[in-house]
1. Please determine, by comparing only the residues of region 128-147 that are touching a helix residue (DSSP H, G or I) at 6+ places or on another chain (Cβ under 7 Å) and surrounded by fewer than 24 Cβ atoms within 10 Å (Cβ to Cβ), which one is nearest to LYS167 (Cα to Cα).
2. Which condition does GLU120 not pass, out of (1) in a loop (DSSP other than H, G, I, E, B); (2) at pLDDT 95 or above; (3) of a type outside the set (Lys, Arg), if it passes all the others?
3. If I filter region 256-275 down to residues being closer than 14 Å to LEU212 by Cα and part of a helix (DSSP H, G or I), which single residue comes out as nearest to the chain's Cα centre (by Cα)?
4. Yes or no: LYS268 charged (D, E, K, R) and in contact with a Leu (Cβ under 7 Å, 6 or more places away or on another chain)?
5. Can you find a residue that is acidic (Asp, Glu), in contact with a His (Cβ under 9 Å, 6 or more places away or on another chain) and under 24 Å from TYR181 (Cα atoms) anywhere in region 154-169?
6. Of all residues in region 16-41, count the ones that are among the small types (Gly, Ala, Ser) and either modelled with pLDDT of 90 or more or not assigned by TED's automatic domain parsing to the domain that holds THR78 (or both).
7. Does region 40-73 hold any residues that are assigned to a helix (DSSP H, G or I), closer than 21 Å to ASN102 by Cα and hydrophobic (A, V, I, L, M, F, W, C), and which are they?
8. Of the residues VAL213, VAL198, VAL228, VAL204, which single one is surrounded by 23 or more Cβ atoms within 10 Å (Cβ to Cβ), among the β-branched types (Val, Ile, Thr) and outside the structural domain of GLY267 (by TED's automatic domain parsing)?
Amino acid sequence: MLFAFALAYIVAGFAMSSGCRAFRGREPDAHSVKARQLSLRGADLLRRSRYDDAETLFTEAIQNCPTDERAHWGYAATLWENGQHPLAIRHMQEAVRLSGSNPEYLVRLGEMYLAEGDSERAKAQASLTLKSHRDRPDAWALLGDSQAQQGNDADALESYQRALLIKSDYPRVQVAIAESYRKVGRPLRSLATLDRMVDIHPTVHENGETQLVRGLALMDLDRREEAVAALKAASEGIPVERGERLIELVSAQYQLGELVDARLSLGKLLQHSPDHPDARLLQSQINTSFEVLATRPSEPARLIR
């Protein structure tokens, strides 16, 4: 695999001054035509989640025409899905450059930066997109995500609302708006936002992250039993890859005194990421709480069941 990556860059060095340079002219050469065909086939496999097969086709497309931005876009997508994030970002940067800042590529690059914790660069991509494409809801959503990651919840809320004005049915953004309302101290508005979503999309109620936001808002309102139920539902729906969300969930369950639920939720994360530092700290706190309860049998049964 590494050899294939290196080969793609070696071929790029030779092809930049010949061959598929004609791709941008009137008559694409054979290399650019083949690259286009390979990219189209790769995109079809990508849509069907056949990432390894798609990666092979996009690699071959880059070898045929290193200046085909679609090949770099697709290759970046497959690399990302296979966990090779730094290399995926490099290829998405190349796709942005070759395409003349295609807004779709700009937003996707920003989302990659954000996933890697680089909220400043993510925000820059969103702002660059919005300079000339202010009607793109995904760019406003990316701006809101970047602001939220930086703790600017009021600004994030405004950006999310701009996205929703353009695309009224946008579940991911609606959940983000509900979370922002909770963070700025408006838990009732947060719940109302989630309830409106359920009216339109009943299956949203089954989404783990939606239930987490609901549970946290209910906690803020001291509606304990409802919060416990929502957080338990969240534990069943949040994927193990969402480590920070699971940490947030476990912390909430621990705060409510639901030690068994907290331990079960934490177990999912530790199975996937056994060395997660926050998870190990929470595990120690939960174990200590169980030890304390073992010497205090008069504690409520919910803490020791």
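1. Once the filter is applied, the top-ranked residue is PRO137.
2. Unmet for GLU120, out of (1) in a loop (DSSP other than H, G, I, E, B); (2) at pLDDT 95 or above; (3) of a type outside the set (Lys, Arg): (1).
3. By that ranking, first place goes to SER265.
4. Yes.
5. Going residue by residue through region 154-169, those that are acidic (Asp, Glu) are 155, 158, 169.
With in contact with a His (Cβ under 9 Å, 6 or more places away or on another chain) added as a condition, the list becomes 169.
When the remaining residues are screened for being under 24 Å from TYR181 (Cα atoms), the result is 169.
Yes, region 154-169 contains a residue that is acidic (Asp, Glu), in contact with a His (Cβ under 9 Å, 6 or more places away or on another chain) and under 24 Å from TYR181 (Cα atoms).
6. Of the residues in that region, 1 qualify.
7. LEU40, ALA43, LEU46, PHE58, ALA61, ILE62, ALA71, TRP73
8. Working: VAL198 fails: surrounded by 23 or more Cβ atoms within 10 Å (Cβ to Cβ); VAL228 fails: surrounded by 23 or more Cβ atoms within 10 Å (Cβ to Cβ); VAL204 fails: surrounded by 23 or more Cβ atoms within 10 Å (Cβ to Cβ).
Among VAL213, VAL198, VAL228, VAL204, only VAL213 is surrounded by 23 or more Cβ atoms within 10 Å (Cβ to Cβ), among the β-branched types (Val, Ile, Thr) and outside the structural domain of GLY267 (by TED's automatic domain parsing).
The values are calculated or read from the model by the stated rules, or taken from the named source; none is laboratory data. Keep in mind the model is a prediction, meaning the values are calculated, not measured. Virtual Cβ from ideal backbone geometry, glycine too; neighbours counted across all protein chains shown.
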